[in-house]
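> Here it is, the structure, as structure tokens.
The values are calculated or read from the model by the stated rules, or taken from the named source; none is laboratory data. Everything numeric in this text was worked out from a predicted model, so none of it was measured. Methodologically, a virtual Cβ is constructed for each residue, glycine included, from the backbone with ideal geometry; neighbour enumeration extends over all protein chains shown.
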Amino acid sequence: MAIQDETAFFENELRQRFDALAIWAVRNRPYTGTSLKLSDFDDSWKEIWRLARDGVDAGKRNAAVPEPSENGPQYINSNPAPWP
């Protein structure tokens, strides 16, 4: 039961902190050309939630890639460019 309580606490805390950040960003954006809306953060929330929920670990994901000293790449692009 303790793990479920900790998980629920984590989920609630994560959501509250993300919402607070989004509200702060909307209120304090220095650019006046276009305005931010809370809905602009929906995709970001989904990605953060997926990472937190699934426990995606970049270290494990990249463990199979050799180190640069072993002729592996010096940089791994984990965020490919969007389609034009």
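> How do the pairs read when you match residues in the stretch 10-35 that are exposed (fewer than 10 other Cβ atoms within 10 Å of the Cβ) with residues anywhere that are part of a loop (DSSP other than H, G, I, E, B), using Cβ under 8 Å and keeping only pairs 6 or more apart or on different chains?
Ser35/Arg29
> Of the residues Lys46, Lys60, only one is at pLDDT 75 or above and not in a loop (DSSP other than H, G, I, E, B); which?
Going through Lys46, Lys60 in turn, just one is at pLDDT 75 or above and not in a loop (DSSP other than H, G, I, E, B): Lys46.
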